[in-house]
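Asker: Take this structure first; my questions come after.
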Amino acid sequence: MSRVTAMVRYFAQAVPFRLMPAFITTLVLLGLLAVPVPEGLTPQAWRLVAIFLTTIVAIILKVMPIGVMAMMAIVILSLSQVTSPTSKGAITDALSSFSNPLIWLIVVAVLISRGLKKTGLGNRIGLMFIALMGKRTVGIGYGLAICELVLAPFTPSNTARGGGIVHPIMKSIAAAFDSDPEKGTQGKVGTYLALVNYHANPITSAMFLTATAPNPLVVDYVAKASGQQLHLSWTTWALCMLLPGLVALLAMPLVVFLMAPPELKATPDAVRFARGELERMGPLSGKERVMLGVFGGMLLLWANVPAMIGGPAWTLDPTVVAFLGLFALIITGTIDWDDVLSEKSAWDTLIWFGALVMLAEQLNKLGVIGWFSTGMRDAIVASGLGWAAVAAVLVAVFVFSHYLFASTTAHISAMMLAFLTVGAQLIPHEFLVPFLLMMTAGSAIMMTLTHYATGTSPIIFGSGYVTMGQWWRVGAVMCVFELLVFAVVGIAWWRVLGLW
């Protein structure tokens, strides 16, 4: 008996996971597998749903580090062979997302941000923000939101903008206040600024056609669903989203302040300190100039300026631009290969975000998303709801089903046209445009929800300033808040514009 007790004690101390959360997660998996396969799904598809939901539960309960939980999903998917009848096909599917350009854009953006820290340019930019708006922490938050707004019309990758440009600035500002997750001081200002950094991203993505990659797809779906009644040009989109977007962006730093208040609220000495530090730093160093040049060049390429001048042949994918920038930093000696190898957060993100993207893609491939969309449509038709309730349910279900996705493009591709078509069939013609515009706004607002919702989220979450619980709580509140802003301010604004 004593030997058994000793073994149990050793096991409890030695295993690298938390036993009770692991036990709960195992029960969730077994419970889901015991449920009869829903009509319309294959047994393989239902087992994949069980694996996906179990992975999410394991991540939420923090059974082990998120990267290990992602690896667990890869192993289980490969062994269960739910996506392929052969082991080779299953492991190919399990690793398929690691060739996804979006994932590598995220990884490279994190690696490039190391250059801002190493050269001191990021610290300089952070001090400039503090000198300009640093009397209160909320003022710095507004500075980050303004930065997002200025960049949004010209940066068609929200990941490049929020994760590759604004986030390094945010980290530099936090560092200037000695707010660092590694020191346990992230609560000083870092948690608040990281949340503002992130939640500005979905709002600005909703405000401009060129602010995120899937927006042109939204334009196409809206035109199809409305029978070409509503075609959103760049100007029309910007005008429709201008007022509700500005209201949401203006209120967001205050809402985040209430939900995740920084320990340092008033920073009366910060402006004087920042100016003194800038004087001490002196003029730009050579490496700072290189970093600034590479950063500026990447921004021009991400904004598609060469294509505007020379035509479509000069268009470069955002991931190509990111790799070009990283290579330029390495060959100029601005950062070295050891810097790349030692950036643990980038490689951790590659594993866990890649696994979640893979699961979402396989859910779509096995028909789970189509089954969900069709079932939702049929249930709404059979419910006999009034048109206003139908519109509200369609928007809400479309937005909150993003908990199942690790890509806005995949979500929009899989579900949006079906939901728009149902709305066009059930909502009176005179009220169709407000519904279509709410769905358009929702396609970006849904990014607020999770730490895997879009390419920007794993970059900011991976920096360690925000816990998963904080992220999901603030994300849910901000999603509801922004939907209400667009529903109230937006619908009134669209009435003023004569769109309905």
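Asker: Given a 1.4 angstrom probe, what's the average accessible area per residue across region 402-475, in square angstrom?
Answerer: 22 Å²
Asker: Check cross-link reach from Lys265 to the aspartates and glutamates: straight Cα distance under 17 Å, and skip same-chain residues fewer than eight apart.
Answerer: Asp178, Asp180
Asker: Using a 1.4 Å probe and counting only protein heavy atoms, arrange Trp472, Trp237 so the residue with the most accessible area comes first.
Answerer: Trp472, Trp237
Asker: Still on this structure, I have one more. Under 10 °C and 1.306 mPa s, how fast does region 293-344 diffuse according to Stokes-Einstein, given a Kirkwood radius computed over C-alpha pairs? Answer in µm²/s, whole number.
Answerer: Stokes-Einstein gives a translational diffusion coefficient of 133 µm²/s.
Asker: Okay, next question. Ignoring ligands, DNA and RNA, what percent of the 1.4 Å accessible area of the chain is carbon and sulfur?
Answerer: It is 70 percent, rounded to a whole number.
Asker: Follow-up question, since we're still on this one. Would you rank Phe327, Phe295, Phe405 by solvent-accessible area, highest first, keeping every protein chain in place and using a 1.4 Å probe?
Answerer: Phe327, Phe295, Phe405
Asker: Which pairs, out of Lys117/Lys188; Lys118/Lys188; Lys117/Lys365; Lys88/Lys224; Lys135/Lys183, put more than 29 Å between their alpha-carbon atoms?
Answerer: Result: Lys117/Lys365; Lys88/Lys224 exceed 29 Å.
Asker: Additional query: For the chain, what does the helix formula give at 222 nm: sum of -39500 (n - 2.57) over DSSP H segments with n ≥ 4, over the residue count, nearest 500 deg cm²/dmol?
Answerer: After summing the helix terms and dividing by the residues of the chain, the value is -22000 deg cm²/dmol.
Asker: Which aspartates and glutamates, on any chain, are close to Lys287 with Cα under 20 Å apart, when same-chain ones fewer than 8 places away are left out?
Answerer: Correct list for Lys287: Glu277, Glu279, Asp336, Asp338, Asp339, Glu343.
Asker: Sticking with this structure for a sec: Among Phe295, His167, Gly386, which residue has its Cα positioned farthest towards the positive end of the charge dipole of the chain, with +1 placed on the Cβ of Lys and Arg, -1 on the Cβ of Asp and Glu, and the dipole taken about the Cα centre?
Answerer: His167
Asker: At 1.4 Å probe size, with every protein chain present, just tell me what the per residue accessible area of region 106-256 comes to in Å².
Answerer: 30 Å²
Asker: Need the list of lysines near Lys62 for cross-linking: C-alpha distance under 16 angstrom, and skip anything on the same chain fewer than eight residues off.
Answerer: Hits, sequence-local ones excluded: zero.
Asker: To the nearest 0.05, what FRET efficiency results for Ala307 and Thr42 with a Förster distance of 35 Å applied to their C-beta separation?
Answerer: With R0 = 35 Å, the Cβ-Cβ based efficiency is 0.20.
Asker: Something else: Given the whole protein assembly as supplied and a 1.4 Å probe, what does the accessible area of Thr374 come to in Å², nearest 10?
Answerer: Accessible surface of Thr374 is approximately 60 Å².
Asker: A further question on this structure: Could you work out the local net charge near Leu250, counting Lys and Arg as +1, Asp and Glu as -1, over the other residues with Cβ closer than 14 Å to its Cβ?
Answerer: -2
Asker: Still on this structure: Where does each of Tyr10, Tyr221 land when they are ordered by accessible area, with a 1.4 Å probe and the largest first?
Answerer: Descending order: Tyr10, Tyr221.
Asker: If you count only protein heavy atoms and use a 1.4 Å probe, how large is the accessible surface of His451, to the nearest 10 Å²?
Answerer: Accessible area of His451: about 0 Å².
Asker: Additional query: Let's test this: bin the Cα-Cα distances of the chain at 10 Å from zero up to the farthest pair and state each bin's percent.
Answerer: 4, 18, 28, 26, 17, 6, 1, 0, 0
Asker: Would you tally the net charge around Gly120, using a Cβ to Cβ cut-off of less than 9 Å, leaving Gly120 out, and scoring K and R as +1, D and E as -1?
Answerer: Once positives and negatives cancel, what remains is +3.
Asker: Separate question: Give me the accessible area of Arg495, 1.4 Å probe, in Å² rounded to the nearest 10.
Answerer: 140 Å²
Asker: Assuming a ≥ b ≥ c are the square roots of the Cα gyration tensor eigenvalues, decide whether region 136-177 counts as rounded (a/c under 1.5), prolate (otherwise, with a/b larger than b/c) or oblate.
Answerer: It comes out oblate by the Cα gyration axes.
Asker: When a/c reaches 1.5 or more, the comparison of a/b and b/c decides; with that in mind, is region 59-109 rounded, prolate or oblate per its Cα gyration tensor?
Answerer: oblate
The values are calculated or read from the model by the stated rules, or taken from the named source; none is laboratory data. Because the structure is predicted, anything quoted here is derived from the model rather than measured. Using ideal geometry, Cβ is built from the backbone for each residue, glycine included, and neighbour counts are taken over all protein chains shown. Areas reflect the complete protein model, heavy atoms only, side chains present, ligands, DNA and RNA absent. Shrake-Rupley method; radii C 1.70, N 1.55, O 1.52, S 1.80 Å.
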